[in-house]
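The values are calculated or read from the model by the stated rules, or taken from the named source; none is laboratory data. All values derive from a computational prediction rather than experimental measurement. Every residue, glycine among them, receives a Cβ derived from its backbone with ideal geometry; neighbour counts consider all protein chains shown. These area figures cover heavy atoms from the full protein model, side chains too; ligands, DNA and RNA do not enter into them. Shrake-Rupley method; radii C 1.70, N 1.55, O 1.52, S 1.80 Å.
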Amino acid sequence: MTDMTVYAQRRARLASLMGRGVAVIPTAPERVRNRDAHYPYRYDSYFYYLTGFDEPEAVLVLIAGESPHSILLCRDKDPEREAWDGYRHGPAAARERFGVDEAYSVRELDTLGPKWLADQPALFFAVCADPAWDARVLGWLNGVRGQSRAGVAAPSEIRDVREALDEMRLVKGAEELAIMRRAADISGGAHIRAMQAVRPGRWEHEIEAELLHEFRRHGAQAPAYTPIVAGGAHACVLHYVANNGLLKGGDCLLIDAGCELDGYASDITRTLPVGGRFNAAQRDVYEMVLAAQAAAMGEIRPGQAWDAPHQAAVQVIAQGLIDLGLLRGTRDGIIESGDYKRFYMHRTGHWLGLDVHDVGEYKVGGQWRDLVPGMVLTVEPGCYIAPAADVPEAFWNIGIRIEDDVVVTPAAHEVLTHHAPKRVSDIEALMRDG
Ligand code: GLY
Ligand code: MN
Ligand code: MN
């Protein structure tokens, strides 16, 4: 568990970015899956980033100004419910443990909310994130406006609190990177375990089970997203999650899986030969994607534009598609026309953090933003070849992606997911010895 002072520092930073006003930041609701069964609970990433508090039915109120202070609203102690569902801090213990200035029962929220908004210049809130919260907070505002004849002023400005928070979350601190390194190690180990378990005649879901087993046994709370375990043609379905196919010798298997550890995502893709050795066509495509990834990585350093790694990957893939006979024309011509997108239709990465597709603008003032130390991004070029008359049959249904997680450092970058092998010879050796 991260030291609570980290959360206090984040709240102080947010308060200073706000200037004056009140922020209202609720956590995520519990969600029913069916009848009495709930989806596994996952707190809201913004709320957790500022509190470290993982119970549902909680709200952070942050009052910025001359004497900033933070207020946590949470569930009351309830011995009977706790006997069924587990421990609840209750406001008193929560205040103590999480280092907030004040804590109250969440049942008091609608009474206290309008009081905190009174005479404040601005309300900071995740506008339109959840219609029920929009209505609730607007109700408080109306309550305050109703007191205008008593000389109470309502905030005249509503600002999106995510603007400041997204910028904060985009650049990770040392304590976040320590968790992300560990998450990446666990996920790397899971990919190794999966590679050792793959053989013809096994099922995709059996390999998924190996991944999940490795995540949990190392303390990761959950997968960061639904794993993709896609044999053969399934690899060409970008968001394939059925994971119910039989693995066949001669096919490739694409595995996109990463754990979530203490709130932080990892995101790794590896592609391997089910039978233990790539055939010539698979190897050619694989080496092209690996070279594209290396080219993209080569662009990751402070001061480079966000888009530079993608452009570098596209250049390699465009030339590779020509060299493999899959496209005709010149490299620049097929980049210009976008013809390469038939085989490489997604971008080369995204921010990574508390959310697998993490927050943070990719452009600032209409320009791709520059990389700075502490940003974490994925680098995940791929190539997906659907059967077609103009494509040699040897390439049909090959779907390859190679994905790593990278943090920008002052010198250039650090690959967090170095643990999972990706050279052809290393993968084949691991599968042989598996
Ligand atoms: N696993 C989600 C992604 O690669 O973006
Ligand atoms: Mn990704
Ligand atoms: Mn992925």
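Suppose we keep only residues that are of a type in the set (Asp, Glu) and open to solvent by 10 Å² or more (accessible area, probe 1.4 Å) within segment 257-267. Which one would you say is farthest from ligand 2 (Cβ to nearest atom)?
ASP262
Which residue pairs have Cβ atoms closer than 6 Å, lie 6 or more positions apart in sequence or on different chains, and pair a first residue in segment 213-225 that is under 20 Å from LEU354 (Cβ atoms) and open to solvent by less than 40 Å² (accessible area, probe 1.4 Å) with a second residue that is assigned to a helix (DSSP H, G or I) and of a type outside the set (S, T, N, Q)?
Short answer, once both residue conditions are applied: PHE215/ALA190; ALA220/ILE186.
Out of the residues in segment 226-248 meeting the condition of being open to solvent by less than 50 Å² (accessible area, probe 1.4 Å) and of a type outside the set (A, V, I, L, M), tell me which one is nearest to ARG401 (Cα to Cα).
CYS236
Any residue in segment 192-204 that's more than 13 Å from GLY232 (Cβ to Cβ): show its pairings with residues that are open to solvent by 50 Å² or more (accessible area, probe 1.4 Å) and among the acidic types (Asp, Glu) at Cβ separation under 9 Å, as long as the two are six or more apart or on different chains.
GLN196/ASP433; ALA197/GLU206
So the check is Cβ under 6 Å with 6+ separation or different chains; which pairs have a first residue in segment 371-387 that's more than 15 Å from ARG270 (Cβ to Cβ) and a second one that's polar (S, T, N, Q) and more than 15 Å from ligand 2 (Cβ to nearest atom)?
From segment 371-387, the pairs are LEU371/GLN304; PRO373/THR409.
Just name the residue that is nearest to ligand 2 (Cβ to nearest atom) out of those in segment 282-302 that are in contact with a Pro (Cβ under 8 Å, 6 or more places away or on another chain) and closer than 21 Å to MET195 by Cβ.
Among those that are in contact with a Pro (Cβ under 8 Å, 6 or more places away or on another chain) and closer than 21 Å to MET195 by Cβ, it is GLN293.
For a quick check of your reading: which helices (runs of 4 or more DSSP H) sit entirely within segment 54-127 and have at least 2 residues that are of a type outside the set (Gly, Ala, Ser) and over 31 Å from the mean Cα position of the chain (by Cα)?
79-85, 109-117
Which residues, taken from segment 115-136, are of a type outside the set (D, E, K, R) and either surrounded by fewer than 20 Cβ atoms within 10 Å (Cβ to Cβ) or on the phi > 0 side of the Ramachandran plot (or both)?
Those that are of a type outside the set (D, E, K, R) and either surrounded by fewer than 20 Cβ atoms within 10 Å (Cβ to Cβ) or on the phi > 0 side of the Ramachandran plot (or both): TRP116, ALA118, PRO121, ALA122, VAL127, CYS128, ALA129, PRO131, ALA132, TRP133, ALA135.
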